[in-house]
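Student: Right, I'll just put the structure down here and ask away after.
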Amino acid sequence: MSLIVFGTSVSPFVRKVRIVLTEKGLLYRHENVNEAKPPDGWRELSPLGKIPAFKDCDRALAGSSVICAYLERRFPMPPLYPSEPYDYARALWFEDYMDDGFVPLGRSKVFLPLIVEPLLAGKPEADVADQEAAGEAVDKEFPAFWDYLERELGDGEFFVGERLTIADIAIANAHVNLRYAGVAPARNRWPRLRAFLDRMHSRSSFSNLVEEEAPIFDRLSARISD
């Protein structure tokens with residue numbers, strides 16, 4: 001198979017590329033790579049040593065946004081980037097907003113301390129101090145993101161225009177790892193955003209990957225309360 005995605009399946013950046021591939025109906029191979037213990041020659045694929053990396057036959061690329069943009073030009077149908085200039089820029093902005101703002105916050109304040117670190121330490125759950133720190137972040141830092149997204153979505157089904165774009169994929173994808181920790185925007189405060197996430201996470205491009213990842217987190221998974 002000529003299209004190969006390299007990187008651990010629970011990385012939001014790896015998952016974003018896989019969702020784009022699926023939404024475009026493309027067949028690909030996924031090779032699980034831990035960037036902390038990469039295979040020989042990894043820097044040839046990913047000069048910065050980060051995941052994901054990608055190959056299309058003998059062409060190598062790295063970086064999720066770069067890979068997704070390449071896939072759009074290489075396989076333009078169905079389009080996942082708007083053609084109108086301002087809408088195009090808005091879609092890129094939402095991708096950047098999530099990847100550079102929201103994802104690092106979720107990773108450092110919630111996903112790592114509540115899920116990854118207990119899993120690696122063989123603990124049934126995170127330490128109380130870590131749970132309290134994560135709760136404080138959810139209460140005090142996440143609402144600014146969710147307020148903005150709720151406002152920008154408005155009454156629309158999608159964030160940019162009237163069809164699925166990279167903006168919607170990036171926003172919904174960034175919330176997947178939070179769901180593993182039982183964190184989601186409260187339905188009574190951010191109803192439109194929460195309904196959007198429910199719709200997106202029910203798409204097969206998301207749900208199939210979540211199902212694939214689920215066994216990793218079965219021991220630590222928690223139900224989201226409204």
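Student: Give all pairs with beta carbons closer than 7 Å in which a residue from region 191-208 that is farther than 17 Å from Tyr148 by Cβ meets a residue that is surrounded by fewer than 21 Cβ atoms within 10 Å (Cβ to Cβ) and of a type in the set (S, T, N, Q); count only pairs at least 6 apart in sequence or on separate chains.
Tutor: Going by the 7 Å Cβ cut-off, the qualifying pairs are His201/Ser207; Ser205/Thr22.
Student: So which residues in region 40-59 are under 16 Å from Tyr70 (Cα atoms) and free of Cβ contacts under 8 Å to residues at least 24 places away in the same chain?
Tutor: Asp58, Arg59 - these are the residues of region 40-59 that are under 16 Å from Tyr70 (Cα atoms) and free of Cβ contacts under 8 Å to residues at least 24 places away in the same chain.
Student: Select from region 130-163 the residues that are surrounded by fewer than 17 Cβ atoms within 10 Å (Cβ to Cβ) and within 14 Å of Leu193 (Cα to Cα) and list them in ascending order.
Tutor: Pro143, Ala144, Asp147, Tyr148, Arg151, Gly154, Asp155, Gly156, Glu157 - these are the residues of region 130-163 that are surrounded by fewer than 17 Cβ atoms within 10 Å (Cβ to Cβ) and within 14 Å of Leu193 (Cα to Cα).
Student: Something else: Report, by residue number, each residue of region 184-226 that is at pLDDT below 95 and surrounded by fewer than 12 Cβ atoms within 10 Å (Cβ to Cβ).
Tutor: The answer is Glu211, Ala214, Pro215, Asp218, Arg223, Ser225, Asp226.
Student: For region 43-91, give me the residue count where each residue is buried (at least 19 other Cβ atoms within 10 Å of the Cβ) and assigned to a helix (DSSP H, G or I).
Tutor: Total satisfying the criteria: 6.
Student: Next up: If a residue must be surrounded by fewer than 14 Cβ atoms within 10 Å (Cβ to Cβ) and either at positive phi or free of Cβ contacts under 8 Å to residues at least 24 places away in the same chain (or both), how many such residues does region 112-129 contain?
Tutor: Within region 112-129, residues that are surrounded by fewer than 14 Cβ atoms within 10 Å (Cβ to Cβ) and either at positive phi or free of Cβ contacts under 8 Å to residues at least 24 places away in the same chain (or both) number 6.
Student: Just to verify a result, which residue in region 29-42, among those that are in contact with a strand residue (DSSP E or B) (Cβ under 8 Å, 6 or more places away or on another chain) and either farther than 26 Å from Leu120 by Cα or of a type in the set (A, V, I, L, M) (or both), is surrounded by the fewest Cβ atoms within 10 Å (Cβ to Cβ)?
Tutor: So, considering only residues that are in contact with a strand residue (DSSP E or B) (Cβ under 8 Å, 6 or more places away or on another chain) and either farther than 26 Å from Leu120 by Cα or of a type in the set (A, V, I, L, M) (or both), the one surrounded by the fewest Cβ atoms within 10 Å (Cβ to Cβ) is Arg29.
Student: Also, I was wondering about something else. Only one of Leu3, Leu21, Leu26 is of a type in the set (A, V, I, L, M), more than 18 Å from Asn208 (Cα to Cα) and open to solvent by less than 40 Å² (accessible area, probe 1.4 Å). Can you tell me which?
Tutor: Leu3
Student: Next question, about the same structure. Looking only at region 128-183, count every residue that is modelled with pLDDT of 95 or more, basic (Lys, Arg) and either in contact with a Lys or Arg (Cβ under 8 Å, 6 or more places away or on another chain) or within 25 Å of Ala214 (Cα to Cα) (or both) and tell me the total.
Tutor: Number satisfying all stated conditions: 0.
The values are calculated or read from the model by the stated rules, or taken from the named source; none is laboratory data. Here the structure is a predicted model, which means the values were calculated and not measured. Because the Cβ atoms are built from the backbone with ideal geometry, glycine has one as well, and the counts that use them run over all protein chains shown. Heads up: the accessible areas ignore ligands, DNA and RNA and are worked out on the full protein's heavy atoms, side chains in. Shrake-Rupley method; radii C 1.70, N 1.55, O 1.52, S 1.80 Å.
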